[in-house]
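Peer 1: Provided herewith is a single structure, encoded as structure tokens, for subsequent inquiry.
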Amino acid sequence: MKWLNLLPIALGLAHASIISFSPPTNPDIIYSLTIPNTTTLSTPGPIYIQITAPTSIQWVGLGQGAQMTGANMFLLYTSSSTKITLSPRSGLGHFEPQYTSNTQITMLPGTGISTINSTTAALTNSSSPSDNTRTTMTANFRCDNCLTWQDGTGTMNPKDTNFPFIWAYRAGVPINSASMDADISIHDDMGGIQVDLTRAGMPPQPNNTTSPDSSSSSSSNTTNPFANYNPLTDSIPAQSTTNPSTTSSPLPNLTKMTHILITHATLMGLSFVLFYPLSALLMPLPISLPISKFRLHMPLQFFTMLMTLAGFGCGIYLAYETGQLRTAHPILGIIVVGVLVLFQPAMGWLQHFGYVRTGGRTVWGLCHRWLGRGVIVVGGG
């Protein structure tokens with residue numbers, strides 16, 4: 001009989017184990033995860049993720065990894081009043097996560113905007129929510145290459161009993177953008193959690209669903225473990241031990257990076273916008289001072305150079321930690337600071353000695369003057 005053939009399928013679906021967790025500060029945001037047994041036994045393979053959040057949340061994010069730097073991230077925000085955008089991104093530390101097209105995701109049915117009864121947490125088709133309902137955005141998706149990311153620098157072992165995830169969210173007006181690289185504002189809260197992945201298991205299941213029309217990555221026929229799934233009643237707790245070092249807001253490592261960024265910007269701004277121009281203007285200005293202009297120019301330049309080197313060190317550290325060392329800004333900074341440290345002092349001394357001997361300008365002074373003006377303009381810009 002045909003119904004007997006469906007029995008193994010029904011049993012397989014019933015035994016799919018989906019784990020979930022929420023930010024302690026906002027339990028209405030729920031992250032759910034399940035991993036097919038075939039993926040666990042023979043990697044690589046797909047994993048399945050659901051992200052749900054009220055539409056009062058401007059954007060919500062989930063990342064694989066212990067910190068933003070190097071994390072494999074997914075950002076969820078609205079693209080319209082009925083659709084969502086799921087944007088796969090690469091974590092760049094204290095910078096805004098960058099969209100990546102390398103992540104292979106397939107959107108599943110149930111993705112979009114819906115209303116949820118706050119009492120029963122049951123999905124409804126009501127177009128005008130009453131007092132006991134709230135509007136929720138949901139992303140159901142499969143990721144086919146989320147066991148490794150960023151050229152293998154990040155990995156997830158399905159057998160890991162203590163795998164780190166990070167989460168973040170921001171409340172506010174909807175973004176309403178279908179763009180995968182839409183700009184986002186800094187999070188209101190962020191944290192991390194250690195998850196027992198062995199609790200998330202899914203037996204082989206038939207390809208029985210089709211994907212909806214949504215503003216996200218490609219769709220196709222695929223298994224949907226989130227069909228008829230309610231994260232409040234059907235999921236298994238992640239049974240993780242919360243990592244105290246990654247649950248507060250902001251994270252300690254992000255606080256450190258932010259402080260270093262502020263220090264870098266402050267030191268470099270003061271150097272190139274205030275002290276270098278002030279020191280340079282001392283020499284040509286037709287003003288009379290009680291001491292030699294050179295006696296002011298030299299120590300002021302030396303002090304400013306020390307300030308520049310401190311800011312430069314902060315910048316190099318940030319660029320290294322975020323994988324941006326080979327991008328334009330750090331490279332230009334290395335060139336500018338290299339010129340200031342290696343060439344400007346030498347040419348300044350040569351000009352000074354030449355002036356003492358001849359009482360006039362030298363070619364070294366000309367180079368010192370115009371090269372200095374150039375690096376001040378470039379550095380201050």
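FYI, it's all coordinate maths here, none of it is from the lab. Bear in mind the structure is a predicted one, so any value in this text is a computation, not a measurement. Using ideal geometry, Cβ is built from the backbone for each residue, glycine included, and neighbour counts are taken over all protein chains shown.
Peer 1: Among Glu321, Glu96, what is the fewest-to-most ranking by other Cβ atoms within 10 Å?
Peer 2: Ascending Cβ contact count within 10 Å gives the list Glu96, Glu321.
Peer 1: Just want the ordering: His297, His329, from fewest to most Cβ atoms lying within 10 Å of their own Cβ.
Peer 2: In increasing order of surrounding Cβ atoms, one gets His329, His297.
Peer 1: How do the peptides 48-58, 333-343 rank, highest first, by the average count of neighbouring beta carbon atoms within 10 Å per residue?
Peer 2: Going by the mean number of other Cβ atoms within 10 Å, highest first, we get 48-58, 333-343.
Peer 1: Oh, and also: Treat segment 254-380 as a sphere of radius equal to its Kirkwood radius over Cα pairs and apply Stokes-Einstein at 10 °C in a medium of 1.306 mPa s; give the translational diffusion coefficient in µm²/s, rounded to a whole number.
Peer 2: Rounded to a whole number, D works out at 101 µm²/s.
Peer 1: Show me 32-44, 178-190 ranked by packing, highest mean number of other Cβ atoms within 10 Å first.
Peer 2: Put in order of decreasing packing, that is 32-44, 178-190.
Peer 1: Oh, and also: Order these peptides, 79-88, 105-114, by their mean beta-carbon neighbour count within 10 angstrom, highest first.
Peer 2: Output ranking for 79-88, 105-114: 105-114, 79-88.
Peer 1: Still on this structure: Counting other beta carbons within 10 Å of each residue's own, what order do Trp370, Trp167 fall into, fewest first?
Peer 2: With the fewest neighbours first, Trp370, Trp167 line up as Trp370, Trp167.
Peer 1: Looking at Gly348, Phe303, Gly315, which one has the Cα that reaches farthest to the positive end of the dipole of segment 254-380 (charges on Cβ: Lys, Arg +1; Asp, Glu -1)?
Peer 2: Gly348
Peer 1: Can you tally the net charge around Phe226? Count Lys and Arg as +1, Asp and Glu as -1, for every other residue whose Cβ sits under 15 Å from the Cβ of Phe226.
Peer 2: So the environment of Phe226 carries a net charge of 0.
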